[in-house]
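**Student:** Take this structure first; my questions come after.
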Number of protein chains: 2
Amino acid sequence: MELVFAEYIGLTAGALTTAAYLPQVWRTWRTKAVGDISLAMYWAMTLGVALWLVYGIFIKAAAVIVANGASLLLVGGMLRMRIKYGRPQAAPKRDQYLH
Amino acid sequence: MELVFAEYIGLTAGALTTAAYLPQVWRTWRTKAVGDISLAMYWAMTLGVALWLVYGIFIKAAAVIVANGASLLLVGGMLRMRIKYGRPQAAPKRDQYLH
């Protein structure tokens, strides 16, 4: 009973931390502006989320598996856009901000 | 033995997804430019990571507790900066880039 309750908390947590990437993916898809977004963050996050997925499979925790499987798609998508739109020819000029 | 191995994977995963926020926090701290970053993402992420922490306490998973405790500080910091630097008077003018 207590473990079932914990799984509900886990599923809510997973739904939130996965859904969290949706507005960011949508914003980046729409604006193609990635100047304020860290490339290193999305490299580390993609690798880390993939490992969380493996961990979830090992400990057989449904919430960890589902949340990180879905997150991997969104974070991977952000990484791809950050690389694609971060190229000098594709990026908006930011020199006046990033001294 | 297998569970100990799983905890190592979990700790590596947690180290990566937590450390992932460091270059983003550093970049935002330095540039104060948040125009490309989604506010909704950091609201949902802060709440979601807090719930992952509660979940980790329930299922007594060390990796989940440590990783999400540390993430909460960094994600909360990003949320605070996104709000502070996202105010019209504080933000760099971005109108010429967003469409």
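**Student:** Separation between the residue B:22 and residue B:87 pseudo-spin-labels, each 7 Å from Cα along Cα→Cβ, expressed in nm?
**Tutor:** In this crude spin-label approximation the distance works out to 3.1 nm.
**Student:** Ok, one more. Rg and Dmax of the stretch A:2-85, using alpha carbons, in Å: what are they?
**Tutor:** Expressed in Å, the Cα Rg and Dmax of the stretch A:2-85 come to 14.1, 46.
**Student:** So what's the gap between the Cα centers of the stretch B:11-52 and the stretch A:28-45, to the nearest angstrom?
**Tutor:** Centre-to-centre distance over Cα atoms comes out at 12 Å.
**Student:** Relative to the longest principal axis of the C-alpha atoms of chain B, give the angle of the C-alpha long axis of helix B:2-19, reported between 0 and 90° and rounded to the nearest 10°.
**Tutor:** Roughly 10 degrees, rounded to the nearest 10.
**Student:** Now a separate question. Can you tell me the dipole magnitude for the protein assembly as shown around its Cα centre, using point charges on the Cβ only (Lys, Arg +1; Asp, Glu -1), in Debye to the nearest 20? Walk me through the numbers on the way to the answer.
**Tutor:** On the way: 20 positive and 8 negative charges, 234 e Å.
Dipole magnitude for the protein assembly as shown comes out near 1120 debye.
**Student:** For chain B, what does -39500 (n - 2.57) per DSSP helix run (n ≥ 4), summed and divided by total residues, give at 222 nm, in deg cm²/dmol to the nearest 500?
**Tutor:** Working: 4 runs with 74 residues, N = 99.
Computed mean residue ellipticity for chain B: -25500 deg cm²/dmol.
**Student:** Please work out which residue of chain A brings its Cβ closest to the axis of the rotation superposing A onto B, and round that distance to whole Å.
**Tutor:** A:36, 2
**Student:** Can you pull the mean other chain C-beta count within 10 Å for peptide A:58-64?
**Tutor:** Numbers: counts 8, 10, 1, 5, 0, 4, 9.
Averaged over the peptide's residues, the number is 5.
**Student:** Using θ = phi - 60° and the Karplus curve 6.51 cos²θ - 1.76 cosθ + 1.60, what whole-Hz ³J(HN,Hα) does each residue of the stretch A:41-55 get, with Gly and Pro shown as x?
**Tutor:** Running phi through 6.51 cos²θ - 1.76 cosθ + 1.60 with θ = phi - 60° gives 4, 6, 5, 5, 5, 4, 5, x, 5, 4, 5, 4, 4, 4, 4 Hz.
**Student:** Short version: ³J(HN,Hα) in whole Hz for each residue of the stretch A:61-72, in order, from phi by Karplus 6.51 cos²θ - 1.76 cosθ + 1.60 (θ = phi - 60°), x for Gly and Pro, what are they?
**Tutor:** 9, 4, 4, 5, 5, 5, 4, 7, x, 5, 4, 4
**Student:** Right, here's the next one. Return the equivalent ellipsoid semi-axes of the protein assembly as shown as a descending list in whole Å, where each equals the square root of 5 times an eigenvalue of the C-alpha gyration tensor.
**Tutor:** Numbers: eigenvalues 204, 53, 39 Å².
One finds semi-axes of 32, 16, 14 Å for the protein assembly as shown.
Just so you know, all these numbers are worked out from the coordinates, no wet-lab data involved. Just so you know, these numbers come straight off a predicted model, no measurement behind them. Virtual Cβ from ideal backbone geometry, glycine too; neighbours counted across all protein chains shown.
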